[in-house]
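The values are calculated or read from the model by the stated rules, or taken from the named source; none is laboratory data. No experiment lies behind these values; they were computed from the predicted model shown. When we count neighbours, we look across all protein chains shown, and the Cβ atoms used for this are built from the backbone with ideal geometry, even at glycine. Surface areas here come from the heavy atoms of the whole protein model, side chains and all, with no ligands, DNA or RNA. Shrake-Rupley method; radii C 1.70, N 1.55, O 1.52, S 1.80 Å.
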Amino acid sequence: MTLLVAHTLPAFAESNGHAPPIVIAHRGASGYLPEHTLEAKTLAYAMKVDYIEQDLVMSKDNHLIVMHDIHLDGVTDVADRYPNRAREDGHYYTIDFTLPELKQLQVTGPFALSQGKRIPKYGRRFPLWKSRFQLATFDEELELIQGLNASLGYGIGIYPEIKKPYFHQREGRDISKAVLETLKKYGFTSSRQKVFLQCFDAEELQRIRHKLMPDLEMDLPLVQLIAETDWGEKQVIDDGRLKNYDYAWMRTDSGLQKIASYAQGIGPWFPMLIDNTTERFTANGLTSTAQSLGLLVHPYTFRADPEQISEVAGDFDKLLAVFLEDIGVDGIFTDHPDKAITFITTHKRPNKIQASRELPVR
Ligand code: G3P
Ligand code: CA
């Protein structure tokens, strides 16, 4: 019966008359395996996603490591293996460890410490510390995806993110240059290859657009990620003190115009696209304004874990219907790419959804 439904409903593109939205595997198929491991990327590949995401930070010996945070303590056993290597703030920084040291670490799903215990951030995912997972380098991951493109032939793209350039600059590293050089080494030089390059740092993206890429004879499509100011994605010095970079300008008409001068898309947190002053999830105009300026809109992060879906939204498919059909975004970052692909290929009809004031964790 399920198969019959899948084949009789119109495909998303046929029914809407434009290209179907793309599915970006957020940190791999991270709803099912520890994020950013090669195993999670392989599973995402097998799900036939459009793009696989790589968050990138640097090691002490200048390798690009695929992981979300500049700290190791939330997804590895670093505190057990190297107990004396934390900085004064209590964090273990990837940039303080060499690649051979990093390869000794066991990787697991994201966890938080509570009363000395490690509690999984998502309770119903792959259990903590089971099996054996390692950190991977950007080179290893690109070779995996390109190798699978050769052997399976799905033509899946990459979607790297340069993490915290301001932090790496403070540590004396030019992470953006290193990322571009690696991309070029593997043949990713322009939009002729299936690649987007993303960053939360607007000034760094402009440096990439106007200085680094011309120097390296590259012309990659860039995506400006948009954060809430209080997340502290970027810090700047103001009046001699560190403070959070103010992201408010990016969600104004003139801000979007500015972004369109150096980037091809925006990556907003998905609640930024809806009007939360009404009783329903309705578009607040950010998507249509960005699209009218020629910008693609790729919001993050769609998660199907039951606790991530607001009670009023009801279920993951209804959430997807709002963003993919009613609002019409161009693609989504998701931890559960199989579910998003099933939604898109079966084109389920949207239902009217009441808004919830409780927003899911990012
Ligand atoms: O890059 C899109 C999305 O991943 C941004 O959020 O914090 O998960 O990297 P984050
Ligand atoms: Ca990311």
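Here are some notes:
- Shape summary: region 124-281 maps onto an equivalent ellipsoid whose semi-axes, from the alpha-carbon gyration tensor, are 28, 22, 19 Å in decreasing order.
- Solvent-accessible surface (1.4 Å probe) assigned to Lys48 amounts to roughly 120 Å².
- Inverting the pair-averaged 1/r between distinct Cα atoms of the chain gives 21.3 Å as its Kirkwood hydrodynamic radius.
- For peptides 157-167, 261-271, sequence by mean Cβ density within 10 Å, most packed first: 157-167, 261-271
- A simple spin-label model places pseudo-atoms 7 Å from Cα toward Cβ; at Ser190 and Asp275 they are separated by 4.2 nm.
- Remark: region 80-88, residue by residue, has Karplus-estimated 3J(HN,Hα) of 7, 7, 10, x, 9, 10, 6, 7, 4 Hz, where x stands for each Gly or Pro and the curve is 6.51 cos²θ - 1.76 cosθ + 1.60 at θ = phi - 60°.
- Against the empirical 2.2 N^0.38 Å (N residues), region 187-232 has a Cα radius of gyration ratio of 1.27.
- In whole angstrom, region 219-292 maps to an equivalent ellipsoid with semi-axes of 23, 18, 10, each derived as √(5λ) from the alpha carbon gyration tensor and ordered largest first.
- In this rough spin-label picture, where each label sits 7 Å from Cα along the Cβ direction, the Asp219-Tyr154 distance is 3.0 nm.
- In terms of its alpha-carbon gyration tensor, region 34-126 comes out oblate; a/c meets the 1.5 threshold, while b/c is at least as large as a/b.
- For region 111-204, the Kirkwood estimate of the hydrodynamic radius, built from every pair of different alpha carbons, is 16.3 Å.
- Cα-projected label distance for Trp231 with His210, points at 7 Å along beta-carbon direction, nm: 2.5 nm
- Straightening the chain between Glu203 and Asp77 buys 41.9 nm, computed as 0.36 nm per residue apart minus the Cα-Cα spacing.
- For the chain: accessible area per residue (Å², 1.4 Å): 45 Å²
- Hydrodynamic radius by Kirkwood, which averages 1/r over all alpha carbon pairs of region 65-172, in angstrom: 15.8 Å
- Expressed as a whole percent, the accessible area of the chain that falls on carbon and sulfur atoms is 50 (1.4 Å probe).
- Probe 1.4 Å - accessible area at Glu203, Å² to nearest ten: 80 Å²
- Cα point-scatterer Debye curve for region 234-332, base-10 log of I(q)/I(0) at q = 0.19 Å⁻¹: -0.95
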